[in-house]
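So the structure is just underneath, and the comments pick up after that.
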């Protein structure tokens, strides 16, 4: 069992101080903060299985186990909750529809293995190679296209119960705009509650399965299927998600390091290994792929408590919740209108996160290579491009991600060749479609 140093008097955090990962408040306060982390992650974590059709209790179980595994692998020095990653929704939805849940789980497991492999490389070689492979213009494009690719799914649910969907969407927006701090960070969860109440009033909720479900029982497990002929094309569809998980984990580590101690950055490789291991475990047995959670970063920033003890509490609570089939049945009773309203906001926000990467890193869109890297990738995603050879199919996410990488790297290679290959030894002037030097 990990040992934590008691911070101060164990009850309060003095102004200007933080409770470091290796410290804790007294146990009542630590348990209360751990419960707050569960609430923060809950609204987002349960949505992924509800949207994709995966069992909610199974996802909660592997979310809790994954969190504890993360703490063990990072040697209890990096506070993080591993909740369901929204980046998996698009490939899981497509894979489940075409090949079934087993193949989708194989895709999740494959992403986990690859992420762990990247973590081992980062642990020994650092992050520089990732920055070269996936500069901000490429990273932003890939994150954005995963969100925008899901737009038709949101509309499909929205139009089934448009009034309920509208109420849900408005509630999500109002909670996020009107409230600051913790309430603002769980705006999606609160919006779902408002939408669910509206659906109850409109008679749109079916409680049949809730009444039949037991209070206590083991989650439903499914096994990843690597043997089906179409599984390998499914795995190809999932691989771009690795780039999103890398960005999320690296951002999480840097955020914690900024608030606590710069030495935390040295655990980046372990964080990637841990998330990869948790995602692999979830994928093999029926859970959703995991990632570090911004909602929980918000709780830490608000409370100034970065103690890993609170995350041990949160992980254990998630596992206990997973042992109630009735909890899963309640979440599965959420009607299409509520899902349509919340996913309209949610999928758009995933896209905006990608655009924010461009803004934060001041990507220069006067360069044609940057223009086309983003433009082509987003159109491929929104239109839903596909390519198929027999049983092997590539979906819009993998095509868009590949396009972003190829356009950026080949475009820059050609630009360098043109600059050095001009007759006079100098660069060849050119103007891009939106103006500016192509270099």
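The values are calculated or read from the model by the stated rules, or taken from the named source; none is laboratory data. Predicted, not measured: the structure shown is a model, and the values here were computed from it. In this analysis, Cβ positions are derived from the backbone assuming ideal geometry, glycine residues included, and neighbour counts consider all displayed protein chains.
Residues in segment 11-57 that are modelled with pLDDT under 80, in contact with a helix residue (DSSP H, G or I) (Cβ under 7 Å, 6 or more places away or on another chain) and in a loop (DSSP other than H, G, I, E, B): 11, 46.
Would you mind listing the helices (runs of 4 or more DSSP H) fully within segment 117-164 where at least 1 residues are in contact with a helix residue (DSSP H, G or I) (Cβ under 8 Å, 6 or more places away or on another chain) and surrounded by 22 or more Cβ atoms within 10 Å (Cβ to Cβ)? So that I can check it myself, show each step before the final result.
Numbers: elements: 128-133, 136-148, 151-158.
In segment 117-164, 136-148, 151-158 are the helices (runs of 4 or more DSSP H) which contain 1 or more residues that are in contact with a helix residue (DSSP H, G or I) (Cβ under 8 Å, 6 or more places away or on another chain) and surrounded by 22 or more Cβ atoms within 10 Å (Cβ to Cβ).
Could you tell me which of the residues 83, 102 is outside any helix (DSSP H, G or I) and either modelled with pLDDT of 90 or more or in contact with a strand residue (DSSP E or B) (Cβ under 9 Å, 6 or more places away or on another chain) (or both)? Criteria check complete, one pass: 83.
Looking only at segment 180-211, residues that are more than 18 Å from residue 50 (Cβ to Cβ) and either in a helix (DSSP H, G or I) or in contact with a helix residue (DSSP H, G or I) (Cβ under 7 Å, 6 or more places away or on another chain) (or both) come to 8 in all. State which residue is modelled with the lowest pLDDT when the search covers only segment 373-392 and only residues that are crowded, with 20+ Cβ neighbours inside 10 Å and farther than 14 Å from residue 135 by Cα. The residue in question is 381.
Among the residues of segment 353-367, write down those that are outside any loop (DSSP other than H, G, I, E, B) and either under 12 Å from residue 50 (Cα atoms) or modelled with pLDDT of 85 or more (or both). Working first, answer last.
Initially, segment 353-367 is screened for residues outside any loop (DSSP other than H, G, I, E, B), giving 353-360.
Across segment 353-367, the qualifying residues are 355, 356, 358, 359, 360.
Restricting attention to segment 92-116, the residues that are surrounded by fewer than 24 Cβ atoms within 10 Å (Cβ to Cβ) and closer than 11 Å to residue 275 by Cα total 3. Only one of the listed residues (184, 191) is modelled with pLDDT under 90 and within 18 Å of residue 330 (Cβ to Cβ). That residue is 191. Could you look through segment 354-371, keep only residues that are crowded, with 20+ Cβ neighbours inside 10 Å and in contact with a helix residue (DSSP H, G or I) (Cβ under 7 Å, 6 or more places away or on another chain), and pick out the one that is farthest from residue 244 (Cα to Cα)? In this case the residue turns out to be 369.
State whether the residues of segment 206-224 include one that is surrounded by fewer than 17 Cβ atoms within 10 Å (Cβ to Cβ), over 24 Å from residue 86 (Cβ atoms), modelled with pLDDT under 85 and more than 16 Å from the chain's Cα centre (by Cα). Yes: one or more hits. At least 2 residues being out of contact with any helix residue (DSSP H, G or I) (no Cβ under 6 Å at 6 or more places or on another chain), modelled with pLDDT under 90 and surrounded by fewer than 21 Cβ atoms within 10 Å (Cβ to Cβ) is the threshold, and among the helices (runs of 4 or more DSSP H) wholly inside segment 231-338 those reaching it are 241-259, 294-303, 325-332. Per this entry, residue 21 is not counted among residues that are more than 20 Å from the chain's Cα centre (by Cα) and without any contact (Cβ under 8 Å) to a residue 60 or more places away in the chain.
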